[in-house]
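Below: one structure, written as structure tokens.
The values are calculated or read from the model by the stated rules, or taken from the named source; none is laboratory data. Bear in mind the structure is a predicted one, so any value in this text is a computation, not a measurement. Glycine also receives a Cβ, built like all others from the backbone with ideal geometry; neighbour counts cover every protein chain displayed. What goes into the accessible areas is simple: the full protein's heavy atoms, side chains included, and nothing from ligands, DNA or RNA. Shrake-Rupley method; radii C 1.70, N 1.55, O 1.52, S 1.80 Å.
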Amino acid sequence: MLGDRQITFVNPRKNYQQLEKKIVNKLGNLPLALKMTGSLLQDKLDLNPQWDKILCEFLDGTNLLPIPSFLVMCYLDLPAPVKRCFAYLSLFPKSYHFRQKEVICQWMAQGFLKNTESGKSMEDTGDAYLGYLIKRSFLQPAFGYNDRFMMHNLVHDLAIYVFGESYKHHLCYDRRMEDFPAKSILKHGRSLRTIMPVYLPTERGNSEFDPEMLQPVIMKLSQHVFRVLSLSHYKITSLPASIGELRHLCYLNVSYTNLKELPDSICDLLNLQTLLLRGCYSLTTLPDRLCNLVNLRHLDFQGSSLQRMPPNMHNLTSLLILTDFIVSDTGPRLGDLAGLSNLKVLAISNLQNVAHANDASDAKLKEKGLADLWLSWDYVHDSNRYGNEMEVLKKLEPSHKDLKILKVTYYPGARFPRWLGDPSYSALLYLDLYYCENFESLPTLGLLPFLRELYIGRFTRVSSVGLEFYGEMTASQKPFQSLKVLRFSHMPEWKKWNIVEGIEFPHLVHLCILQCPKLVGDLPNELPSLKKLEIIGCTHLVAPLPNVSDTCEMFVHNSHSQPSLDLDKVTVPQKVHEITPVPNSGFRGTSTASEIEEILHGSLMETESVVSRFPFSSSSDTTMSPRPKETSSVVFSHQVEAETGSQSSMVEADIPITTQAAVIPPTNNTPSTTAPFNNEEAGNPRSSFEVLKVSTVSQLKSLPPTLHTLKIEGCEYLEAIRNGLLAGLTSLKELYLISCGSLKSLPSLGSVTALYIRNCRRLENLSSSE
């Protein structure tokens, strides 16, 4: 198995100590090499004696390839179908965040997933391939995301190398660098299988697009080989009718465009598997002949303005994902869903338009293997016009065997049918109930045996939460035994949380109570597994805070328009080093402010090390008393971008530094970032920055003297910060160190009062230098 920068093989018949040392010496000190080689070899030497010979050749041989030999060895061991899928990922740029569904749909479109096991869908096969690449460390989870992955730069180089000449068949381009490459398409179009922009930054709007160029481009493509087309994020309002001639097109993405309608000829794309129309806000209809697309598996038009579904939806029998089935007075009825037996992901909206409850029975949701279901009424119109919402929801009961995710929004009833919350839903992991304003009390949810995430929002009449929420408790059955995330939000009348003795949340990791201004108490007493506690806008809360572990992050936020939380009335557990009360603020500006918001709310905190406020003490006792009046500003409204176009390698986080977590809170007292410090400095374009980001070592040579916040990010070759550099910055209060992979120690921190560290894998000593 793989240890901390060592490889250990467990075999009762052989002693591999010398072999282990030889492997480590060959691989050097690169964590990626050790990780990938360890995952490859942990079984090989026991199962196949031939691997003794292979490994010796690897250790003694000379690598003549431009790729590290350990990568070549790991790649050659991949199954042939997985090799092809891996190589395809080289089309995406370095440091790209691969989205699981996006990757699998494109593999499927290229024909990589056709030879599947009996009874196994192409999507299941793609999931298995992706999981195998993750297991073997060719891909690693992207920080802060559940369904996105990254590839180390060296692994990306390997993918490019093995993909070889196949590049000439795929036109994938970086939208930061160029707009739609019509000239390249017109030159090489007959051999192309793919046209795809692969980088869509949120800070850049939709690209300009000459509508006249699309027709000759499509005519140049070969209808026999072309498979994948993405026009996402372009300013296009229509597609030419000639697109219907691309008869082997399998993947079409026109999301976030200005399309008003789709040409009828799109219904001639009989091989189309994936149609993505997400965020097409001007799109109001789909072609009536859409039912011809019998091979369509993924139909996503979430965020469009569709008012009704096209007729004969029951013909789309291959559909696995339908992001919305819009119930209307004139469109298809719910019975059209009955024939879609392969559905795994389904949303049904405008359920207030169901005139007869029996129509809901006709959908036959109980006979489908749905894994993800979203049921929604309309919050704008009169949702009670038929008064049958309870019966409709009762008859929409899904199968309990496969359902993992359930969302119910804008439900106008006063209670749920019995199936919602029934313990038989043993697969249910995620439950979101939002805007059920007619409920006087919460439904019974505590007996769902494996529920991990529960979100309760806008139950505006609920004033008390108690036993009805948990359900009946027995010696062998206690509520919420698997729950990890619990969030209550926007419950203006909620006053009392009745904590029942003997009921605990043993595995709760994240508790959030948001905008519940009348809540007084109580809170759970013991939350031993809690990693994050957020209390936001609960201005009357006087209950003791829970007892939590040393590493729990605690956020106490005040509402901007309501009186401050009286910390004198709040009991702070001794283990918690600090509570930071944070007033709401109007963030100025931009994507950088959003980044700080994300940090504040923890979406980037999963693999981070955050150091508590200073001054540091030589004593091992770091316990500090709360300082409610101490606040800081964090708004990165001015940034200095990297001077080079190079991308830093993916971070290998071997051993996270365990420290007390802290928050750098925003306030309304945001410092000016524009006024020059004095006349002499007015000519220096950087002298006016109070908040500054640097991305190269050279930028650290000259820093504004009255800098308030410094963010050093992506300086992979920075081993040390010159001692005295920060001491001369007398106004510096906040220091961010992010993805500085070579940084080993901290300098003297001078006036710094808040330090944030993330992905500094070689940092050995958190005590600042004297």
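Past 25 Å, Cα to Cα: identify those pairs from K394/K532; K364/K404; K344/K532; K366/K404, in the order given. Don't skip to the end; give the middle numbers.
Values: K394/K532 36 Å; K364/K404 18 Å; K344/K532 32 Å; K366/K404 14 Å.
Too far apart for the 25 Å limit: K394/K532; K344/K532.
Let me check I've understood the local charge: for S463, count other residues with C-beta under 9 angstrom from its C-beta, Lys and Arg +1, Asp and Glu -1. What total comes out? Intermediate values should be presented prior to the final figure.
Numbers: positive: R461, K495, K496, K518; negative: E440, E493.
With Lys, Arg at +1 and Asp, Glu at -1, the neighbours total +2.
Just the Cα atoms of the stretch 207-267: what Rg and Dmax do they give in Å?
Gyration radius and largest Cα-Cα distance of the stretch 207-267: 11.0, 29 Å.
Which entries in K83/K220; K711/K733; K83/K135; K101/K168 show an alpha-carbon gap greater than 23 Å? All intermediate terms of the calculation are to be shown ahead of the outcome.
On the way: K83/K220 31 Å; K711/K733 11 Å; K83/K135 14 Å; K101/K168 25 Å.
Beyond 23 Å between Cα atoms: K83/K220; K101/K168.
Report the extension gain between L186 and E261 in nm, rounded to one decimal, defined as 0.36 nm multiplied by the number of residues separating them, less their alpha carbon distance. Intermediate values should be presented prior to the final figure.
Numbers: separation 75, 0.36 × 75 = 27.00 nm, distance 2.62 nm.
So the chain would gain 24.4 nm between L186 and E261.
Give, as a single signed number, the net charge of other residues whose beta carbon lies under 14 Å from the beta carbon of F301, with Lys and Arg counted +1 and Asp and Glu -1. It would help to have the intermediate numbers written out before the result.
On the way: positive: K260, R278, R308; negative: E261, D300, D324.
Net local charge, F301 excluded: 0.
Once the piece of chain linking K407 and D550 is laid out straight, how much longer is it, given 0.36 nm per residue of separation minus the C-alpha distance between them?
Numbers: separation 143, 0.36 × 143 = 51.48 nm, distance 3.41 nm.
Contour length minus the Cα-Cα distance gives 48.1 nm.
Ignoring ligands, DNA and RNA, what percent of the 1.4 Å accessible area of the stretch 420-502 is carbon and sulfur? Mind showing how you got there, number by number?
On the way: 1730 of 3650 Å².
Summing carbon and sulfur atoms, their accessible area is 47 percent of the total for the stretch 420-502.
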